[in-house]
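Contents: one structure, followed by commentary.
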Amino acid sequence: MSKISILMEFWDFIRIRKRYWLAPIVIIFVLLSLLIVFTESSAVAPFIYTLF
């Protein structure tokens, strides 16, 4: 299964079952995950950790 098909299936789930409140939760979760991954080995990491 490709990543695109998983995203399309998730979008269909949200649209058909009217669970629009799930979208912001997933978006925030993905953004925080990307922030952690990209700042893991950079010089910005100490400054990011002070925010949390």
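The values are calculated or read from the model by the stated rules, or taken from the named source; none is laboratory data. These figures come from a predicted structure and were not determined experimentally. So basically every Cβ, Gly included, is an ideal-geometry build from the backbone, and we count neighbours across all protein chains shown. The protein model used for the area step is the full one, side chains on, heavy atoms only, and it has no ligands, DNA or RNA in it. Shrake-Rupley method; radii C 1.70, N 1.55, O 1.52, S 1.80 Å.
Nearest 10 degrees, 0 to 90: what angle lies between the long axis of helix 22-39 and the longest principal axis of the chain (Cα atoms)?
Between the helix axis and the principal axis of the chain, the angle is about 30 degrees.
What is the local net charge at Asp12, summed over the other residues whose Cβ is closer than 14 Å to its Cβ (Lys, Arg +1; Asp, Glu -1)?
+3
Quick one: accessible area per residue over the chain, 1.4 Å probe, rounded to a whole number of Å²?
Numbers: 4820 Å² over 52 residues.
With all protein chains present, the chain gives 93 Å² per residue.
Based on DSSP H runs of at least 4 residues, each adding -39500 (n - 2.57), what is the mean residue ellipticity at 222 nm of the chain after dividing by all its residues, to the nearest 500 deg cm²/dmol?
Mean residue ellipticity at 222 nm (helix-derived): -24500 deg cm²/dmol.
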